[in-house]
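The values are calculated or read from the model by the stated rules, or taken from the named source; none is laboratory data. This is a predicted model, so every value here is computed, not measured. So basically every Cβ, Gly included, is an ideal-geometry build from the backbone, and we count neighbours across all protein chains shown.
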Amino acid sequence: MAEDEIEDTALRTLIVDDEPLAVERIQVICAELPSINVVGTASDGAAALRLADKLKPDLVLLDMTMPELDGLGVARALAEKKADPPAVIFVTAHDHFAVEAFELEAIDYVLKPVASDRLERAIERAVARRGERKEAPSKWLDELWVPHRSELLRIAVSEVHQIDAERDYVRLHVGDPANENEPARSYLLLQTIAGLEARLDPEKFIRIHRSTILRRDNIRGLRHDGLGVWSAELMNGEALRIGRTYLSKVKAMAGR
């Protein structure tokens with residue numbers, strides 16, 4: 001492919017970061033990737049929006065913490081101002097903004113110090129999504145980012161079968177609970193259970209206790225334990241008590 005053809009198909013990319021060394025590091029990585037073409041850099045949120053209007057980037061590599069207008073504010077403004085907003089990859093030293101980031105439908109969330117292979121994978125996701133037919137965004141979450149070691153993992157909501165509250169966090173239980181050969185996995189996410197419940201499709205998830213949300217297809221049946229106490233029997237044979245506040249909704253699920 002000729003060089004001018006590569007440039008035509010490459011994602012026009014804007015780098016936004018208030019740390020010059022971080023911008024330089026990202027530029028060095030991007031220079032090795034033919035799939036993107038860096039068309040500009042900005043050191044603050046206001047400048048990022050001005051350049052986005054002029055340069056019409058396909059992709060923005062966006063720092064999260066900047067003075068005045070931060071990365072979340074920039075991403076929201078881009079989404080509101082443009083009918084076809086650029087894809088956004090957050091590049092940040094802080095993992096606790098992941099919930100807000102996935103609500104803005106960012107492509108990825110890369111932690112600093114930026115590893116070249118990690119950023120390359122994120123950009124590959126942006127390239128793969130280019131040209132996809134854009135549907136109206138759902139009000140329900142279909143994926144979550146969770147901190148794990150030195151990066152954030154993308155977890156499909158469909159893989160989560162149980163959610164437990166742990167103070168200001170929730171623990172996501174992932175995998176097939178009925179498959180004994182599949183190792184149990186769980187991840188902590190900085191999010192209240194009430195806040196997460198509001199973003200989950202109620203046709204697929206149901207809260208059975210102030211501390212527990214279950215995927216509906218993980219419930220094998222309901223059991224009456226006497227004295228008005230009920231439990232939900234799970235696919236793996238475990239039984240979890242249903243809170244009185246949630247009992248009527250759970251029984252309604254079973255048509256009772």
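Can ARG210 be described as in contact (Cβ under 8 Å) with a residue 24 or more places away in the chain and either farther than 24 Å from LEU111 by Cβ or out of contact with any strand residue (DSSP E or B) (no Cβ under 7 Å at 6 or more places or on another chain) (or both)? Can you show your working first?
Numbers: in contact (Cβ under 8 Å) with a residue 24 or more places away in the chain: yes; either farther than 24 Å from LEU111 by Cβ or out of contact with any strand residue (DSSP E or B) (no Cβ under 7 Å at 6 or more places or on another chain) (or both): yes.
Criteria met by ARG210.
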Cβ-Cβ under 7 Å pairs, at least 6 apart or on other chains, the range 70-81 side farther than 14 Å from ASP53 by Cβ, far side of a type in the set (Phe, Trp, Tyr): GLY71/PHE90; LEU72/PHE97
Residue satisfying all of: in the range 213-225; free of Cβ contacts under 8 Å to residues at least 40 places away in the same chain and surrounded by 15 or more Cβ atoms within 10 Å (Cβ to Cβ); farthest from the chain's Cα centre (by Cα) among these: LEU222
Positions within the range 190-242 being of a type in the set (A, V, I, L, M), closer than 14 Å to SER158 by Cα and in a loop (DSSP other than H, G, I, E, B), in sequence order: LEU200
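Please work out if LEU141 is more than 25 Å from ARG185 (Cβ to Cβ), of a type outside the set (S, T, N, Q), within 17 Å of the chain's Cα centre (by Cα) and surrounded by 13 or more Cβ atoms within 10 Å (Cβ to Cβ).
Details: more than 25 Å from ARG185 (Cβ to Cβ): no; of a type outside the set (S, T, N, Q): yes; within 17 Å of the chain's Cα centre (by Cα): yes; surrounded by 13 or more Cβ atoms within 10 Å (Cβ to Cβ): yes.
When the stated conditions are applied, LEU141 does not pass them.
Return the only residue of GLU132, GLU159, GLU182, GLU143 being among the charged types (D, E, K, R) and modelled with pLDDT of 90 or more. Walk me through how you get there before you give the answer.
On the way: GLU132 fails: modelled with pLDDT of 90 or more; GLU182 fails: modelled with pLDDT of 90 or more; GLU143 fails: modelled with pLDDT of 90 or more.
It is GLU159.
Give the residue that is surrounded by the fewest Cβ atoms within 10 Å (Cβ to Cβ), with candidates limited to residues of the range 144-165 that are outside any strand (DSSP E or B) and touching a Leu at 6+ places or on another chain (Cβ under 9 Å).
The selected residue is SER150.
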